[in-house]
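The values are calculated or read from the model by the stated rules, or taken from the named source; none is laboratory data. These numbers were taken from a predicted model, which means no experiment stands behind them. Note that each Cβ is placed from the backbone with ideal geometry, even for glycine, and that neighbours are counted across all protein chains shown. The area values use the complete protein model at the heavy-atom level, side chains included, leaving out ligands, DNA and RNA. Shrake-Rupley method; radii C 1.70, N 1.55, O 1.52, S 1.80 Å.
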Amino acid sequence: MLYKSAQDWRAAPQKRILFFGMSGLGKTYISNILRNAGSWFHYSIDYRIGTRYMGEFIADNAKSEAMKNPFLRDLLLSDSIYIGSNITFENLNPVSSYLGKPGDPAKGGLAMAEYRRRQDQFRKAEINALLDTQYFADRATRLYGYPNFICDTGGSICEWVDADDPKDPVLTALSQQCLLVWIKGDDAHTEELIRRFDRAPKPMSYQPEFLQRTWEDYLNQMCLSEGDVDPDAFIRWTYAQALAHRQPRYAAMAKNWGVTVTADQISAIKTEADFNELIAQTLEP
């Protein structure tokens, strides 16, 4: 690890942190606290994905919909209008909207072949964005003078790495730049995440093998064909399984490459000093 002891952490003139874990457990909350302290640069993986690696896909998808409308089609073909996504740190909806949900097109669903294609685009984009961490960590200091750095990752980071492989290329690159910190939730947090997701199901990215298995299981159990699937019903049904699938993968990442803090510990933090002390305590033998 980048910092091997509490003393290393406290003495470090540059502190570099990478947060990982399920969305909704405090990654962005603590990132905002540190960023607002004034000496931390906040690198959002999801923002980088949406602006650098999937921006054209998102914009082209919107243009494709506009081309179906004769009025908008004429304006678009004559370069009279511009169509783009307005992605911000607080609004990453264009990325999830592009990912979409598989199922009945009458209910906004995508054909599974197209859904898989977009999933693969996202996988490649996320890996590239993760590997950009060193560039942004160095840039934060060189260009802007920030001594400290936060990498705020998406929930799907665990899908693309093998934490048990000591030569995993993504984890090797990340661990050389940052202390990897898992924000771990308990059973109560999991139940709340499921309730929250049930109220507003949001597109996710999945490991291809996991997606294949759950898709086939859903079709068989519900006795449905692809075009009959309610997109929201499928991703609601899949969400709890995705949480269970990811938990041991996060745990292996923390065990072999980083440290663990709890969501309750993160929610109790109010200042940069609180955070620094929590990390120091976590690194105590």
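One residue alone among Ala273, Ala252, Ala240 is in a helix (DSSP H, G or I), more than 24 Å from the chain's Cα centre (by Cα) and aliphatic (A, V, I, L, M), and that residue is Ala273.
Within region 188-199, not a single residue is of a type outside the set (A, V, I, L, M) and in contact with a Ser or Thr (Cβ under 7 Å, 6 or more places away or on another chain).
Per-residue answers, yes or no, for (1) at negative phi; (2) of a type in the set (A, V, I, L, M, F, W, C); (3) in a helix (DSSP H, G or I); (4) crowded, with 16+ Cβ neighbours inside 10 Å:
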| site | (1), (2), (3), (4) |
| --- | --- |
| Phe71 | yes, yes, yes, no |
| Leu76 | yes, yes, yes, yes |
| Asp79 | no, no, no, no |
| Thr88 | yes, no, no, no |
| Asn91 | yes, no, no, no |
| Val95 | yes, yes, yes, yes |
| Tyr98 | yes, no, yes, yes |
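Considering region 138-155, and only residues there that are among the hydroxyl-bearing types (Ser, Thr, Tyr) and farther than 19 Å from Leu171 by Cβ, the residue that is least open to solvent (accessible area, probe 1.4 Å) turns out to be Thr141. Taking region 61-82 as the search range and keeping residues that are more than 27 Å from Ser96 (Cα to Cα) and of a type in the set (Ser, Thr, Tyr), which one is nearest to the chain's Cα centre (by Cα)? The selected residue is Ser80.
Considered as a group, the residues in region 171-192 that are more than 22 Å from Glu126 (Cα to Cα) and crowded, with 20+ Cβ neighbours inside 10 Å include one that is nearest to the chain's Cα centre (by Cα), and that residue is Gly185.
Of everything listed in (1) at pLDDT 95 or above; (2) out of contact with any Leu (no Cβ under 8 Å at 6 or more places or on another chain), the single unmet condition for Glu284 is (1).
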